[in-house]
1. Do the conditions hold for residue 88, that is, is it free of Cβ contacts under 8 Å to residues at least 12 places away in the same chain and farther than 19 Å from residue 211 by Cβ?
2. Considering each of 144, 130, 178 in turn, give the residue that is open to solvent by 50 Å² or more (accessible area, probe 1.4 Å) and under 29 Å from residue 35 (Cβ atoms).
3. Check whether at least one residue in the range 180-191 is among the small types (Gly, Ala, Ser) and touching a strand residue (DSSP E or B) at 6+ places or on another chain (Cβ under 8 Å), and report yes or no.
4. Restricting attention to the range 1-21, which residues are among the hydrophobic types (A, V, I, L, M, F, W, C) and either open to solvent by less than 80 Å² (accessible area, probe 1.4 Å) or not in a strand (DSSP E or B) (or both)?
5. Where residues in the range 195-221 are in contact with a His (Cβ under 9 Å, 6 or more places away or on another chain) and part of a loop (DSSP other than H, G, I, E, B), which of them is least open to solvent (accessible area, probe 1.4 Å)?
6. Mind listing just one residue for me: the one in the range 49-67 that is open to solvent by 40 Å² or more (accessible area, probe 1.4 Å) and in a strand (DSSP E or B) and, of those, nearest to residue 7 (Cα to Cα)?
7. What do you reckon, is residue 84 surrounded by 13 or more Cβ atoms within 10 Å (Cβ to Cβ) and more than 20 Å from residue 156 (Cα to Cα)?
Amino acid sequence: MSIIRKAGAVCTGCGKENEITVYRSINTAENPELKEKVKDGSLFLWKCPSCGQTNLMKYETLYHDPEKHIMIWLLPDGIEMSEAQMNSITLHAKAIGNYTLRKVSDTGSLMEKVLIADAGLDDAVIEMCKYITRMELVSKTEDKTKAGQLASAPFHFYALQGEESDRLITLMYPFEGKMTGVNIGYNVYEDCEGIIKRNPHIKPGEGFEQVDAAWLESHIR
């Protein structure tokens with residue numbers, strides 16, 4: 001079930017303390033309206049009634065989508081979860097169905113995981129798509145400075161568009177001071193899916209795992 005609490009938060013603009021609503025657990029079956037607020041990030045924003053400053057609230061929450069069979073644990077940097085509690089929820093997820101379990105450290109990553117799941121895609125395969133797309137862009141960039149910027153740029157899933165064989169996956173990344181998009185064909189996703197299937201060591205574990213660029217690179221070195 002969704003667990004909603006009140007908490008104190010200090011405005012970054014005026015320094016005044018306010019009482020805000022935080023969501024310690026989000027169940028999209030019980031509260032479907034919360035999914036859209038997670039996807040656009042508004043669930044973690046609050047406006048100070050004193051000065052009008054919009055603030056980002058960082059807190060731990062467990063996102064649970066029973067329809068997509070996915071649980072995502074948002075644990076911001078500095079917030080630790082006991083191994084016993086994590087194992088308990090892992091066992092619960094196994095008992096109620098074949099769940100995908102993920103761990104993220106920031107709200108942007110939570111938003112991305114939800115978008116990927118809603119598009120019916122595999123986030124590990126998407127990480128492979130990001131890696132291959134980044135390397136291809138780097139190889140086609142003659143300017144060494146720009147190539148270096150691309151090589152270190154974080155890529156993010158944005159959307160899946162189109163139908164059947166005409167489907168396109170849009171990835172976004174920061175480049176030269178602005179967000180830039182690149183479209184890749186669904187065939188690239190299928191190729192990346194094949195790479196992961198042929199390499200069983202590139203596979204997330206059964207517990208809450210942080211599947212991101214660093215995770216992939218640790219498996220393909």
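The values are calculated or read from the model by the stated rules, or taken from the named source; none is laboratory data. None of the values given here were measured: they were computed from a predicted structure. All Cβ positions, even for glycine, are placed from backbone atoms using ideal geometry, and neighbour counts span all protein chains on display. These accessible areas exclude ligands, DNA and RNA; they are computed on the full protein's heavy atoms, side chains included. Shrake-Rupley method; radii C 1.70, N 1.55, O 1.52, S 1.80 Å.
1. Yes.
2. Result of the check over 144, 130, 178: 178.
3. Looking through the range 180-191, at least one residue is among the small types (Gly, Ala, Ser) and touching a strand residue (DSSP E or B) at 6+ places or on another chain (Cβ under 8 Å).
4. Passing the criteria: 1, 3, 7, 9, 11, 14, 20.
5. 202
6. 56
7. No; evaluated as a whole, the condition is false for this residue.
Residue-by-condition table, conditions (1) under 13 Å from the mean Cα position of the chain (by Cα); (2) surrounded by fewer than 17 Cβ atoms within 10 Å (Cβ to Cβ):
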residue	(1), (2)
78	no, yes
89	no, no
108	yes, yes
112	yes, no
116	yes, no
125	no, no
